[in-house]
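Read through the structure below, which is laid out as structure tokens, and then see the notes.
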2 protein chains.
Amino acid sequence: MKDYSFVSNTVIKRLPRYRRILGDLSEKGVKSVSSTELSRIAGYTASQIRQDLNNFGAFGQQGYGYNVERLQRQIGEILGLRNEYKMIVLGAGNLGQAIANYTHYYKSGYQIIAIFDVNPRLVGLRINDIEVLDAGSLTEYLENNQVDIAVITTDKDSAQAVTDVLAGSCIRGIWNFTAAEIDVPEDIVIENVHLSDSLHMLTYYMNQNGLRIKELSS
Amino acid sequence: MKDYSFVSNTVIKRLPRYRRILGDLSEKGVKSVSSTELSRIAGYTASQIRQDLNNFGAFGQQGYGYNVERLQRQIGEILGLRNEYKMIVLGAGNLGQAIANYTHYYKSGYQIIAIFDVNPRLVGLRINDIEVLDAGSLTEYLENNQVDIAVITTDKDSAQAVTDVLAGSCIRGIWNFTAAEIDVPEDIVIENVHLSDSLHMLTYYMNQNGLRIKELSS
């Protein structure tokens, strides 16, 4: 895989979204798209979009725009989506089950191969045909199976302890759904989905939006 | 509520995280914290943190740092967390259920008052003591109840249609968990949790991380 470390995080963060929008267009049978049209959908300026894509050597053709399918594939390659990733889910609660049931991942190369929980009543259940295993067997499991990603959906207070078990194993990435700030070893990448942060952002902007409306009508 | 529209989105986005970290410190009995200590936990530079907080008039005291409890409360006020928000969840699948079961929201002023689904087998069920109602009754429900936020956990293809039903209602915010790019009226704020985007970012950085390690050892 090419080294894109020269590209800023802000640009990288927009790529999955571009790819998703291109996928939607492709499903609708759209063959090519201008940066202006992408701008209307994505809400960034057309010049920003052109700049973003230029980073990766993706150039639209003057008057024709970008080839939708090719650009989607190019972005997928940049994101490493040609690889296959094996995942385990730690925590078989509602959120863990929701993730295990979200079969859409399979299509794009992400495969959940086991779920772990400490609750003996959940151990042995199958969720979306994936077995729930005893959390006590996690270390042994990681020694005997190639797993790339661990999804943490435990309670907040267990998140760091669970991560410590993952250190030194085959795990290279953690997808953390707990509110905890987790310390990870250098060879593990962490991506956080802090749901309460997202909800707080929503209500912040609702308040700002409400304020603006009140001012306008006064 | 004060108008903080002069503060950049990048700064605002860090606030919920600062607040969460301060909450953790407060739970551990920590009374004051320096920007250097915050920097170690949050991973931003101390000067960045000081700049961020200065935007809101929160000043640490030289040699003493920030008062943890007061700063947490100040950030909460900026984020509008003193308000109470009524929420409904659209879609009673695993993710909708996970959100309905995440009772932590209640403590911080977010209350889920109903869940809607099109599936007649789910209608009438109670999840975390919240009733699942028929999606067909949504418009009527919104006319008779004060609701602030709609959480969309339907399938992607229904997301826009559901949003169109919300337009013109009491709803002021949408928390969108589907992969859809939704068009919302100007008086509604939208916050997206695009899980697949987050997963793609994780694997992008895993690949970049792996590459770096390979180069170093060669």
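Within the option set B:VAL189, B:VAL193, B:VAL184, B:VAL165, being touching a helix residue (DSSP H, G or I) at 6+ places or on another chain (Cβ under 8 Å), closer than 24 Å to A:LEU81 by Cα and either modelled with pLDDT of 90 or more or of a type in the set (S, T, N, Q) (or both) holds for one residue only, B:VAL193.
Each row is one residue, and each column tells you yes or no for (1) more than 12 Å from chain B (Cβ to nearest Cβ); (2) farther than 21 Å from A:THR36 by Cβ; (3) over 22 Å from the mean Cα position of the chain (by Cα).
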| site | (1), (2), (3) |
| --- | --- |
| A:SER47 | yes, no, yes |
| A:LEU71 | yes, no, no |
| A:GLY80 | no, yes, no |
| A:GLU84 | no, yes, no |
| A:GLY91 | no, yes, no |
| A:ASN94 | no, yes, no |
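With respect to the conditions (1) at the interface with chain A (Cβ under 10 Å from one of its Cβ atoms); (2) assigned to a helix (DSSP H, G or I), B:VAL151 lacks only one, and its number is (2). Count, please, the residues in the range B:67-90 that happen to be in contact with a helix residue (DSSP H, G or I) (Cβ under 8 Å, 6 or more places away or on another chain), farther than 17 Å from A:TYR204 by Cβ and either surrounded by fewer than 17 Cβ atoms within 10 Å (Cβ to Cβ) or not aliphatic (A, V, I, L, M) (or both). Summing the residues that are in contact with a helix residue (DSSP H, G or I) (Cβ under 8 Å, 6 or more places away or on another chain), farther than 17 Å from A:TYR204 by Cβ and either surrounded by fewer than 17 Cβ atoms within 10 Å (Cβ to Cβ) or not aliphatic (A, V, I, L, M) (or both) in the range B:67-90 gives 1. Condition (residue is free of Cβ contacts under 8 Å to residues at least 40 places away in the same chain and of a type outside the set (S, T, N, Q)) applied to the range B:143-150: is it met by at least one residue? Yes - at least one qualifying residue is present in the range B:143-150. Identify, please: which residue in the range A:1-55 is assigned to a loop (DSSP other than H, G, I, E, B) and small (Gly, Ala, Ser) and is, among those, farthest from B:MET201 (Cα to Cα)? Here the answer is A:GLY29.
Return yes when A:ALA98 is closer than 30 Å to A:ASN128 by Cα, touching a Leu at 6+ places or on another chain (Cβ under 6 Å), within 8 Å of chain B (Cβ to nearest Cβ) and buried (at least 21 other Cβ atoms within 10 Å of the Cβ) and no when it is not. Taking the combined requirement at face value, the residue satisfies it.
Scanning the range B:157-168 for residues that are of a type outside the set (A, V, I, L, M, F, W, C) and either surrounded by 19 or more Cβ atoms within 10 Å (Cβ to Cβ) or more than 16 Å from B:PHE116 (Cα to Cα) (or both) yields B:ASP157, B:THR163, B:GLY168.
Across the range A:11-28, which residue is nearest to A:LEU53 (Cα to Cα) among those that are of a type in the set (Val, Ile, Thr) and within 7 Å of another protein chain (Cβ to nearest Cβ)? Per the criteria, the residue is A:ILE12. Being of a type in the set (Asp, Glu) and assigned to a helix (DSSP H, G or I) is true of B:ASP164.
For the range A:173-183, does any single residue satisfy the condition of being more than 10 Å from every other protein chain (Cβ to nearest Cβ), buried (at least 22 other Cβ atoms within 10 Å of the Cβ) and under 19 Å from B:LEU195 (Cβ atoms)? So far as the range A:173-183 goes, yes, one or more of its residues are more than 10 Å from every other protein chain (Cβ to nearest Cβ), buried (at least 22 other Cβ atoms within 10 Å of the Cβ) and under 19 Å from B:LEU195 (Cβ atoms).
Conditions tested, residue by residue: (1) over 16 Å from A:HIS194 (Cα atoms); (2) of a type in the set (Asp, Glu).
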site: B:ARG14; (1), (2): no, no
site: B:GLY23; (1), (2): no, no
site: B:GLU27; (1), (2): yes, yes
site: B:VAL30; (1), (2): yes, no
site: B:ILE41; (1), (2): no, no
site: B:TYR44; (1), (2): yes, no
site: B:ILE49; (1), (2): yes, no
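Among residues of the range A:3-23 that are at pLDDT 85 or above, those with a Cβ under 9 angstrom from a residue that is aromatic (Phe, Trp, Tyr) and buried (at least 21 other Cβ atoms within 10 Å of the Cβ), sequence gap 6+ or separate chain, pair up as A:ILE12/B:TYR204; A:LEU15/B:TYR204; A:PRO16/B:TYR204; A:LEU22/A:TYR66. Can you say whether A:ILE113 is in contact (Cβ under 8 Å) with a residue 12 or more places away in the chain and within 13 Å of chain B (Cβ to nearest Cβ), as far as the supplied structure shows? No: the conditions fail for A:ILE113.
The values are calculated or read from the model by the stated rules, or taken from the named source; none is laboratory data. Remember, it's a predicted structure, so these values are computed and weren't measured experimentally. Heads up, the Cβs are rebuilt from the backbone with ideal geometry, glycines too, and the neighbour counts pull from every protein chain shown.
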